[in-house]
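Following this message is one structure expressed as structure tokens.
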């Protein structure tokens, strides 16, 4: 089969495309030609679109993507819905790119930029890439939080082990065994036992 | 303003190169419509005057000639392009000068330009129907072979996805050959087909090499009764190149076949045969190229101008009694409501239509996930 090319396909890359027809998209853009073209192209793609201007203070439930016009006369991006854990994917619609506007775009934590005038070509990719980016960032934040907790736990366990080794004159391994035994009998985690030991040690040291 | 000057239109097809057979037929379809219109007194007394260039199946040439049509020949409307690469090359020019392009070719979807009218089938008007038919009649183990460019990639993505919705489905291979592939390429492909034994072959091989695929298949002694080739692009034109005996028994999904039994089709073919003879073999792209010139002429009669801003409102939503049935330009996406059909090639080099849509199917060029069964409610099963 030489001279015949085989394409290997990354099937996963299609996943973010699959639910485009189900997602709720909000357009915060003035009611003008650009706003209309943006809405029409989103409808061609098949998204469920609603448009408002000025932006709403509270988002309708299950809003996944927000197109937000950031303009010289609408620079305030201090929306409550941008500060939530579950923030939607934000795509900034801009017609200037002076530092004032760019700063507002950054502050709004936009995942993509849509420059005016609207061109139909490119909107689909922008939408999909921004959504994917948002999902990945949220996943990474979740992972990071877990890693931080884990790291803190490990630090605590080491500290608690040191306390036990000092108090009882036992080895590192025995100190850990002791804590694990306590955790099992009290049906809690080694991290919790470690925290209890550290706080008890603090109180005891204070009394000395 | 009573203006009796001719109305110049641009015809930009390929009379030479890899896709010249279809390109020539698209040109002939457009010229037949021009002839029709001029015989009826033109557009309010103004003669339609085609300015035509051979783009030689080369995207760069398409772009250059589109600009020449606009700047030197002063046309406001261009009819043309076949492969997606040629359309993509022309669109920036058309948009830059704010002119109008009528594109008479099936393509892979995912496009909208305010300056383009798309009159060929979108995937939801041919691929879904073909997958449904092949899977229910032959099985869901498919071998995909295509020319090496974007239309086959996307068509194969859709076909692979559709077929895989079926239990017991399997994509046995996805193979691409160059546009200029020779016979040896296809012998290799067919050897691989024989080893993998699919239920059917889905071919998105386009252009003049199509013949070679079917010939390699026939020479290997394979039987379309057991393992047919299904295609979206193999039309009467390709069949006349390869010979009816080689094509017989294979399937094509398209909105138009010469064998459609309608008055509009019969009279259109009769006019073509009387006036133009054997310059090309009428096929789906010929028909789209034919009816889109009429759509334009009818719109211009209403607008009085062929400037895009004036004429577009009359193009959008307009209907025409085309050879395939009454078609309509869908205003929301500039594509066309068409009639999906499945044909099996017969011993006369024509298609026997085995299924057809009762009503026009709406174009949905941005549909990512197609579903088997979508079309079932809307088709007539014509099999005996």
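Using 0.36 nm per residue of separation minus the Cα-Cα distance, give me the extension gain between residue B:44 and residue B:220 in nm, one decimal.
57.6 nm
Quote the Stokes-Einstein diffusion coefficient, in whole µm² s⁻¹, for the protein assembly as shown, based on the Kirkwood radius over alpha carbon pairs, a temperature of 37 °C and a viscosity of 0.692 mPa s.
119 µm²/s
Next question. Evaluate peptide A:37-49: per residue, the Cβ atoms of other protein chains within 10 Å of its Cβ; return the mean as an integer.
For peptide A:37-49, the averaged partner shielding equals 3.
Roughly what would the spin-label model give for residue B:98 and residue B:137, points 7 Å off Cα along C-beta, in nm?
4.9 nm
For chain B, what's the radius of gyration and Dmax over Cα atoms, in angstrom?
Rg, Dmax (Cα atoms, Å): 20.1, 70.
By per-residue mean of other Cβ atoms within 10 Å, what is the highest-first order of B:323-330, A:95-102?
B:323-330, A:95-102
Right, something else. Can you sort B:138, A:28, B:13 from fewest to most other Cβ atoms within 10 Å of each residue's own Cβ?
Going from least to most buried by this count: B:138, A:28, B:13.
Per residue and in Å³, how big is the convex hull formed by the alpha-carbon atoms of the range A:134-178?
Dividing the Cα hull volume of the range A:134-178 by its residues yields 53 Å³.
Let me ask something else about it. Using only Cα atoms, tell me the angle between helix B:183-196 and the longest principal axis of chain B; keep it within 0 to 90° and round to the nearest 10.
Long axis of B:183-196 versus the principal axis of chain B: about 50 degrees.
Picking from A:163, A:91, A:113, which is most flexible by a Gaussian network model of chain A using Cα springs under 10 Å?
Among A:163, A:91, A:113, the largest mean-square fluctuation in the Gaussian network model of chain A belongs to A:163.
Divide by every residue of chain A the summed helix terms, -39500 (n - 2.57) for each DSSP H run of at least 4, and state the resulting mean residue ellipticity at 222 nm, rounded to the nearest 500 deg cm²/dmol.
That calculation yields -17000 deg cm²/dmol at 222 nm.
Moving on to the next point. Specify the inter-centroid distance of the range A:90-104 and the range A:115-163, based on alpha-carbon positions, in whole Å.
Taking the Cα centre of each part, the range A:90-104 and the range A:115-163 sit 24 Å apart.
Next up: For A:16-22, what's the mean count of beta carbons from other chains sitting within 10 Å of each residue's beta carbon?
Shielding by partners across A:16-22 averages 2.
With the Cα gyration tensor of the range A:139-207 in hand, give its eigenvalues times 5 under a square root as the equivalent ellipsoid semi-axes, listed largest first in whole angstrom.
They are 24, 14, 11 Å, listed largest first.
For the ranges A:167-175, B:106-114, what's the packing order if you count other beta-carbon atoms within 10 Å of each residue, average per peptide, and put the highest first?
In descending order of packing, they fall as B:106-114, A:167-175.
Something else now. Treating the angle as unsigned and between 0 and 90°, give the value, to the nearest 10°, between the Cα long axis of helix A:123-168 and the longest Cα principal axis of chain A.
The two axes meet at around 10 degrees.
Another question, if that's okay. Can you put B:351, A:121 in order, fewest other beta carbons within 10 Å first?
Neighbour counts put them in this order, fewest first: A:121, B:351.
Subtracting the Cα-Cα distance from 0.36 nm times the residue separation, let me have the gained length for residue B:4 to residue B:371 in nm, one decimal.
Stretched out fully, the residue B:4 to residue B:371 stretch lengthens by 126.9 nm.
Okay, moving on. Helix-only mean residue ellipticity at 222 nm, chain B, DSSP H runs n ≥ 4 weighted -39,500 (n - 2.57), per residue, nearest 500. What is it?
Helices in chain B give a 222 nm mean residue ellipticity of -12000 deg cm²/dmol.
Moving on to the next point. Contact order normalised by length for chain A, with contacts defined as Cα pairs under 8 Å and 6 or more residues apart; what percent is it?
Reported relative contact order: 14 percent.
Take the Cβ-Cβ distance between residue A:170 and residue A:200 as r, set R0 to 22 Å, and report the resulting FRET efficiency rounded to the nearest 0.05.
Computed FRET efficiency for residue A:170 and residue A:200: 0.85.
Treat the count of other C-beta atoms within 10 Å as a stand-in for reagent exposure and order A:185, B:16 from fewest to most.
Lowest to highest Cβ neighbour count: A:185, B:16.
Can you work out the base-10 log of I(q)/I(0) for the range B:120-258 at q = 0.16, 0.19 1/Å, using the Debye formula on its C-alpha atoms alone?
For the range B:120-258 at q = 0.16, 0.19 Å⁻¹, log10 I(q)/I(0) is -0.75, -1.11.
Could I ask something else about it? Average the reciprocal distances over every distinct pair of alpha-carbons in chain A, invert the result, and give the Kirkwood radius in Å.
For chain A, the Kirkwood estimate is 21.5 Å.
A follow-up question, please. Multiplying the sequence separation of residue B:279 and residue B:264 by 0.36 nm and subtracting their Cα-Cα distance, what value in nm do you get?
Fully extending the segment from residue B:279 to residue B:264 adds 3.3 nm.
Further, regarding this structure: As an exercise, use a Förster radius of 22 Å and the Cβ-Cβ distance of residue A:177 and residue A:139 to find the FRET efficiency, rounded to the nearest 0.05.
Calculated value: 0.05.
Give me the inter-chain shielding for B:105-115: mean count of other chain Cβ atoms within 10 Å, whole number please.
2
Right, here's the next one. Helix B:20-39: angle to the longest alpha-carbon principal axis of chain B, degrees 0 to 90, nearest 10?
It works out to around 40 degrees.
No lab work stands behind these numbers, since they all come straight from the coordinates. Note that this is a predicted model, so its numbers are computed, not measured. Reconstructed Cβ throughout: ideal geometry from the backbone, glycine too, with neighbour counts over all protein chains shown.
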